[in-house]
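Working notes, beginning with the structure itself.
The values are calculated or read from the model by the stated rules, or taken from the named source; none is laboratory data. Source: prediction; values computed, not measured. Cβ coordinates were reconstructed from backbone atoms using ideal geometry, including for glycine residues, and neighbour counts include every protein chain displayed. These accessible areas exclude ligands, DNA and RNA; they are computed on the full protein's heavy atoms, side chains included. Shrake-Rupley method; radii C 1.70, N 1.55, O 1.52, S 1.80 Å.
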Amino acid sequence: MRSRRTTLAVPGSNPRFIEKAQGLPADEIFLDLEDAVAPAAKEEARGLVVAALNEGDWTGKVRVVRVNDLDTHWAYRDVIEVVEGAGANLDCVMLPKVQDPSHVQWLDRLLTQIERAMGYEAGRIGIEAQIEDAHGMTAIDAIAASSPRLETLVFGPGDFMASINMRTLVVGEQPPGYTEGDAYHYILMRILLAARAHGLQAIDGPYFNVRDEAAFRRVAQRSAALGFDGKWVLHPSQVEAGNEVFSPSQEDYDHAELILDAYEYYTTVERRGAAMLGDEMIDEASRKMALVIAAKGRAAGLERTRTFDPPAS
């Protein structure tokens with residue numbers, strides 16, 4: 001799986017922002033042709049995005065383009081022009097406002113046609129599906145199973161909040177008057193369960209108050225604690241905080257690696273299914289949990305500071 005601790009949205013119509021994004025430590029950059037681009041600038045933005053993908057330095061980053069949704073007349077041309085023009089330098093296409101599996105399947109089929117026509121490897125370009133309204137949420141299991149190209153489910157909170165009439169004007173924040181827990185808990189868990197059931201990553205949506213880092217950390221820590229892989233960020237100031245929140249601590253990473261080494265030793269050398277690591281009992285469930293933390297730590301570039309020493313015989 002690709003590392004997506006932070007997914008930075010960059011307007012496809014703004015060359016200055018596109019250039020700046022190349023030097024930021026976000027794991028993923030998505031060049032946006034949808035909401036961040038005015039209708040009059042959308043067709044010109046396609047050419048800017050193609051040039052940026054082909055000529056920019058995106059080393060170490062997942063390269064994504066968000067096209068317009070299927071209810072617009074821009075969508076099919078977005079896909080054709082971007083993938084024909086820069087498919088060799090594109091990792092995924094993000095499809096907004098996905099409401100049912102047919103949306104993803106349409107994009108899958110179109111990508112296959114373009115790849116074959118252009119001589120690209122068929123199936124290489126992935127798909128990211130944004131869940132942005134009640135229709136998409138109720139069909140989320142079918143959407144998650146709709147295509148082998150699908151890599152992530154991405155929460156789009158602004159449109160979603162509007163679709164269910166949530167009474168707030170701050171995207172990503174709790175609605176005023178809601179005091180009984182977290183208004184987003186069911187939504188986030190529903191996305192996460194569908195993603196995990198089908199081997200996908202889950203990405204939390206943006207927090208619009210970009211100057212309030214403490215509030216961003218608070219909402220990011222919520223989805224990170226649940227198990228989300230990353231968060232959509234809107235401003236360079238959110239990138240460092242997002243990378244930190246969605247990376248395991250050094251202590252947790254070392255602990256996970258120790259569990260893996262110890263479990264391997266005890267099950268293969270001593271042939272035990274459960275054992276003690278210090279004061280902690282470890283078994284197969286411990287191994288599975290440790291694999292998750294270890295994978296996230298490795299993807300974040302962490303290096304071990306502790307090693308497992310087998311007990312003296």
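Yes/no matrix, rows are residues, columns are (1) of a type in the set (A, V, I, L, M, F, W, C); (2) within 19 Å of the chain's Cα centre (by Cα):
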residue: Asp91; (1), (2): no, yes
residue: Arg109; (1), (2): no, no
residue: Ala122; (1), (2): yes, no
residue: Gly126; (1), (2): no, yes
If a residue must be surrounded by 15 or more Cβ atoms within 10 Å (Cβ to Cβ) and among the charged types (D, E, K, R), how many such residues does region 169-198 contain? 2
State yes or no: is Gly278 open to solvent by less than 80 Å² (accessible area, probe 1.4 Å), closer than 30 Å to Phe208 by Cβ, modelled with pLDDT under 90 and not hydrophobic (A, V, I, L, M, F, W, C)? no
Of the numbered conditions (1) open to solvent by 30 Å² or more (accessible area, probe 1.4 Å); (2) farther than 17 Å from Val171 by Cβ, Val239 satisfies every one except a single condition; which is it? (1)
With criteria (1) hydrophobic (A, V, I, L, M, F, W, C); (2) closer than 18 Å to Gly242 by Cα; (3) surrounded by fewer than 20 Cβ atoms within 10 Å (Cβ to Cβ), Ile29 comes up short on (3)
Pairs returned, first residue in region 63-75 that is farther than 10 Å from Val93 by Cβ, second residue that is assigned to a loop (DSSP other than H, G, I, E, B) and open to solvent by 10 Å² or more (accessible area, probe 1.4 Å), beta-carbon separation under 8 angstrom, 6 or more apart or interchain, are Arg63/Asp91; Asn68/Trp74; Asp69/Lys97; Leu70/Lys97; Asp71/Lys97; Ala75/Asp69
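Residues are listed down the side, and each one gets a yes or a no for (1) open to solvent by 10 Å² or more (accessible area, probe 1.4 Å); (2) under 18 Å from Arg149 (Cβ atoms); (3) assigned by the TED database to the domain that holds Arg149; (4) hydrophobic (A, V, I, L, M, F, W, C):
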| position | (1), (2), (3), (4) |
| --- | --- |
| Gly12 | no, no, yes, no |
| Leu24 | yes, no, yes, yes |
| Ala40 | yes, no, yes, yes |
| Glu43 | yes, no, yes, no |
| Val49 | no, no, yes, yes |
| Asn54 | yes, no, yes, no |
| Val67 | no, yes, yes, yes |
| Val82 | no, yes, yes, yes |
| Pro101 | yes, yes, yes, no |
From (1) part of a helix (DSSP H, G or I); (2) of a type outside the set (Ser, Thr, Tyr); (3) open to solvent by 20 Å² or more (accessible area, probe 1.4 Å); (4) at pLDDT below 95, pick out the condition that doesn't hold for Met166. (1)
Output the residues belonging to region 208-236 that are open to solvent by less than 10 Å² (accessible area, probe 1.4 Å) and either more than 19 Å from Ala295 (Cα to Cα) or in a strand (DSSP E or B) (or both). Ala215, Phe216, Val219, Ala220, Gly230, Lys231, Val233
